[in-house]
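Let me begin by presenting the structure, written as structure tokens, before commenting on it.
The values are calculated or read from the model by the stated rules, or taken from the named source; none is laboratory data. The model shown is predicted, which means the values in this text are computed figures rather than measured ones. Neighbour counts run over all protein chains shown; Cβ positions are idealised from the backbone, glycine included. SASA here: full protein model, heavy atoms, side chains in, ligands and nucleic acids out. Shrake-Rupley method; radii C 1.70, N 1.55, O 1.52, S 1.80 Å.
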Amino acid sequence: MSILNMKNVCKKYSTNKKINTIVLKDINLELKDNEFVGIMGSSGSGKTTLLNVASGIDKCDAGEIHISNNNICEMKKNELSLFRRKNLGMVFQDFNLLSSLTVEENILVPLILDKKYELMDGNIVDKISNMFDIGEILEKYPYEISGGQQQRVAICRAIINSPKIIFADEPTGNLDSKSSKKVLSYFDLLYKKHNASILMVTHDPFSASYCDRVVFLKDGLIIKEIIKQGNKSEFFNCIMKELEGFNDIE
Ligand SMILES: Nc1ncnc2c1ncn2[C@@H]1O[C@H](COP(=O)(O)OP(=O)(O)OP(=O)(O)O)[C@@H](O)[C@H]1O
Ligand SMILES: [Mg+2]
């Protein structure tokens, strides 16, 4: 079954009344239950826009988007916010941490908004933050920690609610290889053992090699899709080959 289904989705931005930039052109993309899909493409190709539209942060101009059979394009604003909070986890490219809250409070935001705070296992923040090596900085504020640490806080916040679907925009972009591997292994665990589905934007072929499938975006169009066959390192080589092919064309 598919958890996310995008049909003929288009998105344009108008910078002024005369100039429309078409950023997504007829996107058809399906994310199945328990699937981990990567999105690659050069800067400006529309990757963040695709995640924003797929997750209901931004409205599309044409097409349909279903998440677990709910048409999110037809939801009212409040209904959509509630739906997103209950079902989706987001890791933003620029983290979007709240600067007036500590690391711990930032991680807890989804549970507090959902009034699940009292019900939760008291150690959950400790467990999750230790897993990503940020257990020591829970009392600090976002401006007091590094970019890589902020990224890991954003990941903890996205997964604390056990969402069915995680949208992650460059979740390893600011991390060293050890932290990247930790995050990717955790994503691996989430979708293999905890029934989550993940849509992840990445520039990095190593991160993409964890996915089941990688979709390549160019100028707002999906131009290619490759499906994992064999192991991670074989898939890494396939992805590298595709990327080299695109560079040759450009
Ligand atoms: N709010 C906006 N208003 C106008 N144009 C926008 C807006 N957001 C994005 N764009 C334009 O849409 C195009 C796609 O942007 P997007 O952020 O989706 O690219 P991206 O593939 O995520 O790039 P990067 O790899 O640099 O993050 C770009 O040309 C960008 O300038
Ligand atoms: Mg982006």
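Observations
- Residue check, L51 away from ligand 2 (no atom under 13 Å from the Cβ), within 15 Å of the chain's Cα centre (by Cα), aliphatic (A, V, I, L, M) and within 23 Å of R152 (Cα to Cα): no
- Just one of (1) modelled with pLDDT of 95 or more; (2) among the aliphatic types (A, V, I, L, M); (3) farther than 27 Å from S177 by Cα fails for I137. It is (3).
- Residue check for V201: of a type in the set (V, I, T), touching a Phe, Trp or Tyr at 6+ places or on another chain (Cβ under 9 Å) and crowded, with 20+ Cβ neighbours inside 10 Å: yes
To keep it simple, each residue is scored yes or no on (1) part of a helix (DSSP H, G or I); (2) without any contact (Cβ under 8 Å) to a residue 40 or more places away in the chain; (3) within 15 Å of the chain's Cα centre (by Cα).
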| site | (1), (2), (3) |
| --- | --- |
| A154 | yes, no, yes |
| F167 | no, no, yes |
| G173 | no, no, yes |
| L199 | no, no, yes |
| I222 | no, no, no |
| C238 | yes, yes, no |
| G245 | yes, yes, no |
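- Some residue of region 42-53 being farther than 25 Å from F95 by Cα and either more than 10 Å from ligand 1 (Cβ to nearest atom) or open to solvent by less than 40 Å² (accessible area, probe 1.4 Å) (or both): no
- Top-ranked residue of region 1-41 - restricted to ones that are outside any strand (DSSP E or B) and not basic (K, R), ranked as most open to solvent (accessible area, probe 1.4 Å): M1
- Region 158-177, subset open to solvent by 30 Å² or more (accessible area, probe 1.4 Å) and within 21 Å of V125 (Cα to Cα), residue nearest to ligand 1 (Cβ to nearest atom): K164
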